1. Scanning for something surrounded by fewer than 16 Cβ atoms within 10 Å (Cβ to Cβ), part of a helix (DSSP H, G or I) and either under 19 Å from the mean Cα position of the chain (by Cα) or of a type outside the set (Gly, Ala, Ser) (or both), does the stretch 225-242 turn up at least one residue?
2. Quick one: which of Leu250, Leu255 is assigned to a loop (DSSP other than H, G, I, E, B), open to solvent by 30 Å² or more (accessible area, probe 1.4 Å) and at pLDDT 95 or above?
3. Which residues, taken from the stretch 101-131, are in a helix (DSSP H, G or I) and either within 19 Å of His71 (Cβ to Cβ) or at pLDDT 95 or above (or both)?
4. Taking the stretch 221-255 as the region of interest, how many residues are over 24 Å from Arg186 (Cα atoms) and among the small types (Gly, Ala, Ser)?
5. Do you know which of the residues in the stretch 171-195 that are farther than 24 Å from Gly247 by Cβ and open to solvent by less than 80 Å² (accessible area, probe 1.4 Å) is farthest from the chain's Cα centre (by Cα)?
6. Just for the stretch 74-105: of the residues that are crowded, with 16+ Cβ neighbours inside 10 Å and more than 21 Å from the chain's Cα centre (by Cα), which one is farthest from Ser163 (Cα to Cα)?
7. What are the pairs, 6+ residues apart or on separate chains, where a residue within the stretch 106-125 that is under 16 Å from Asn82 (Cα atoms) has its Cβ under 8 Å from a residue that is surrounded by 19 or more Cβ atoms within 10 Å (Cβ to Cβ) and hydroxyl-bearing (Ser, Thr, Tyr)?
8. From Gly31, Gly13, which residue is in contact (Cβ under 8 Å) with a residue 60 or more places away in the chain, at positive phi and surrounded by fewer than 24 Cβ atoms within 10 Å (Cβ to Cβ)?
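The values are calculated or read from the model by the stated rules, or taken from the named source; none is laboratory data. Everything numeric here is computed off the predicted structure, so don't read it as measured data. Positions of Cβ are generated from backbone atoms using ideal geometry, with glycine treated the same way; all protein chains shown enter the neighbour counts. Heavy atoms of the whole protein, side chains included, go into the accessibility calculation; ligands, DNA and RNA do not. Shrake-Rupley method; radii C 1.70, N 1.55, O 1.52, S 1.80 Å.
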Amino acid sequence: MATIIVVTSGKGGVGKTTTSAAFATGLALKGHKTVVIDFDIGLRNLDLVMGCERRVVYDFVNVINKEATIHQTLIKDKRVENLHILPASQTRDKDALTMEGVEAVLSELRKEFDYIVCDSPAGIEKGAQMSLYFADEALIVTNPEVSSVRDSDRILGILHSKSKRAEENKEPIKEHLLLTRYDPDRVNRGEMLSVADVEDILAIPLLGVIPESKAVLKASNQGVPVIHDLESDAGQAYNDAVCRFKGEDLPHRFLEVQRKSLLKRMFGG
């Protein structure tokens, strides 16, 4: 039976889709059969980040409306054997999702996959709430700025009160904090919250800190999840987060300003 993981935050632009793509890829690279679902009906960015936009024929809404089967709709990842993508529709609105339809799709996917990663839209409207309703675990993605952290705190309240687990008085959704676009130099200048500040406010376990990195934009533009780029800080940080999720005890990296070597200071880079 699959574990359903929702990647969520209250604010847009914090890196949910980048995280969903990287995290799902990381789980699949570890041998777990994984599917990642785009819940952002009407926008649909996950397929771009995963590099499969030209192969979208049917979408999530087609499956819900019984216009296509799951197997017709799932897109097999080009690079990773165990990874599939369920794209969103670009032509419908979020009201096309129904609780019964989403539950039916997830129930079918649970039979086949080890992990189902749900890429939530921003905010707290219907599409976002539906993406987290059935979750077993949640990655709370936030930037180290007050408005982003405040909105993430609001999402935690929804996870605690409006999930299926909360309604049925079951064990709560397991929450993990993923801090993205972290820049220790700006933290030292007082322009950004520190890791400790964010942990104090949200009070959930820290899974990973993803540094600000040009590699993220480059990877997105190329349609390759950044976790494939293990030469980059961001790729390494996402890989560390997946390892921690799977139970490995790894120290957090990229929390301090990186000192350049003498050669780099002399010749640049």
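1. Going through the stretch 225-242, the residues surrounded by fewer than 16 Cβ atoms within 10 Å (Cβ to Cβ) turn out to be 230-231.
Adding the requirement that they be part of a helix (DSSP H, G or I) leaves none.
No - not one qualifying residue is present in the stretch 225-242.
2. Values: Leu255 fails: at pLDDT 95 or above.
Only one candidate passes the filter, namely Leu250.
3. Gly101, Val102, Glu103, Ala104, Val105, Leu106, Ser107, Glu108, Leu109, Arg110
4. Qualifying residue count for the region: 2.
5. Start the filter on the stretch 171-195 by keeping residues that are farther than 24 Å from Gly247 by Cβ, which leaves 181, 183-194.
Narrowing the set further to residues that are open to solvent by less than 80 Å² (accessible area, probe 1.4 Å) leaves 183-185, 187, 190, 192-194.
Details: Asp183: 20, Pro184: 22, Asp185: 25, Val187: 24, Gly190: 27, Met192: 22, Leu193: 21, Ser194: 21 Å.
Here the answer is Gly190.
6. Arg92
7. From residues that are under 16 Å from Asn82 (Cα atoms), the pairs are Phe113/Thr34; Asp114/Thr34; Tyr115/Thr34; Ile116/Thr34; Val117/Ser20; Val117/Thr34.
8. Values: Gly31 fails: in contact (Cβ under 8 Å) with a residue 60 or more places away in the chain.
The match here is Gly13.
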